[in-house]
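For reference, the structure is listed below as structure tokens.
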Amino acid sequence: MFDMSKVGRNIADLRKRSGMSQMSLADRLSISYQAVSNWERGESMPDISKLPQLAHIFDVSIDEILDESMGTQLLKNVLNHTTRNYLQNQEVSLKDISEIAPLLSPEQVQEIVEQAEANLNIRNLMFVAPYVSEEFMNRRVKQLVIESIGAAEMLAIAPYISKDVLDECASKLFQLGGNGVAELAAIAPYMSQEVIDVCSQKLFSAGNGGAAELLAISTFMSKPAVDACAKEIIEREGKEVIVFLTSVMSENAINEYEKSILER
């Protein structure tokens with residue numbers, strides 16, 4: 001990311017060197033002087049549309065306002081509409097793109113990502129996830145090999161993709177094994193109850209979770225699914241564990257269990 005404190009100092013130095021007050025600079029840019037003050041204090045960045053204006057007012061290059069980073073060079077090409085040519089001759093990562101993403105529209109970020117033809121995976125896609133549309137993220141995530149995605153990566157992208165796409169990815173992920181109920185519980189707030197039920201029952205039936213895990217994920221599950229998982233746990237760990245599960249089991253399931261105990 002750009003160092004906002006450094007950018008702010010650069011703007012302040014250039015303004016003073018030009019003999020301008022914050023108010024006069026704000027007037028020339030048709031913005032409030034508070035905005036200029038926020039820039040100079042490093043609390044915010046100028047909008048991308050203001051950078052060429054600032055460079056013109058101070059008679060400097062955009063580099064002198066920002067810095068010599070890859071992000072600055074990329075931003076200059078965005079402003080000059082030469083991004084495609086620049087990316088053909090320069091290797092740019094999604095992390096580099098994320099440096100200028102806060103200054104761009106989602107459409108601009110998406111266009112740069114597509115032109116960069118970067119080697120997409122969840123780790124580098126996360127750099128730009130907050131700056132692109134859900135539809136763009138959905139399309140890109142569906143292109144990835146799910147086997148290469150772990151529960152931690154799934155949780156990281158969950159806020160940026162649709163529930164349908166997350167359900168599809170999670171279903172595949174938890175069918176592959178290697179992830180337990182704790183990982184599913186972390187992702188559960190973003191998933192549909194139907195898929196949570198299926199994944200949970202698969203995990204508990206395979207012995208990948210006990211009473212504590214069921215208590216953690218039960219609020220995201222349907223009662224029938226909770227009852228089915230509780231039955232798996234009781235049969236595996238013994239009747240003593242039911243005392244921990246009655247708070248999440250249905251009354252019918254508890255009654256059926258008590259009846260079966262009496263019949264034995």
Worksheet item: Once the Cβ-Cβ distance between Glu114 and Ile31 is put in as r, and R0 is 51 Å, what FRET efficiency do you end up with, to the nearest 0.05?
Response: 0.95
Worksheet item: How much length is gained on full extension from Ser21 to Arg84, taking 0.36 nm per residue of separation minus their Cα-Cα distance?
Response: 18.8 nm
Fill in: Value of D in µm² per second that Stokes-Einstein yields for segment 27-165, Kirkwood Rh from Cα pairs, at 4 °C (1.567 mPa s)
78 µm²/s
Discussion item. Beyond a 19 Å Cα-Cα separation, which of these cross-linked pairs lie in this structure: Lys163/Lys231; Lys50/Lys76; Lys142/Lys172; Lys202/Lys231; Lys172/Lys202?
Written reply: Lys163/Lys231
Discussion item. Which of Asn252, Asn38, Asn124 ends up with the largest GNM mean-square fluctuation for the chain, with Cα atoms connected below 10 Å?
Written reply: Asn252
Item to complete: Report the residues of segment 163-193 in range of a label on Lys223: point 7 Å along Cα→C-beta, backbone N strictly under 20 Å from it.
Response: 193
Response to the item:
Within segment 36-80, DSSP-loop GluC sites (Glu not before Pro) with at most 13 other C-beta atoms within 10 Å are Glu43, Glu68
Worksheet item: Normalised by the number of residues in the chain, what is the relative contact order in percent for Cα pairs under 8 Å and 6+ residues apart?
Response: 10 percent
Worksheet entry | For Ser250, residues with placed amide H under 5 Å, excluding near neighbours | Asp227
Practice prompt. Work out, step by step, the length gained on full extension between Asn38 and Asp67: first 0.36 nm times the residue separation, then minus their alpha carbon distance; give nm to one decimal.
Written response: 8.6 nm
Practice prompt. Distance between Cα centroids, segment 1-21 to segment 191-259: provide it in whole Å.
Written response: 60 Å
Worksheet entry | Convex hull volume per residue in cubic angstrom - Cα atoms of the chain | 150 Å³
Worksheet entry | Over segment 69-184, relative contact order from alpha-carbon pairs under 8 Å, at least 6 apart, % | 21 percent
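No value in this document is a laboratory result; all are computed from the given coordinates. None of these values were measured; they are calculated from a predicted model. For neighbour counting, all protein chains shown are included, and Cβ atoms are generated from backbone atoms with ideal geometry for every residue, glycine included.
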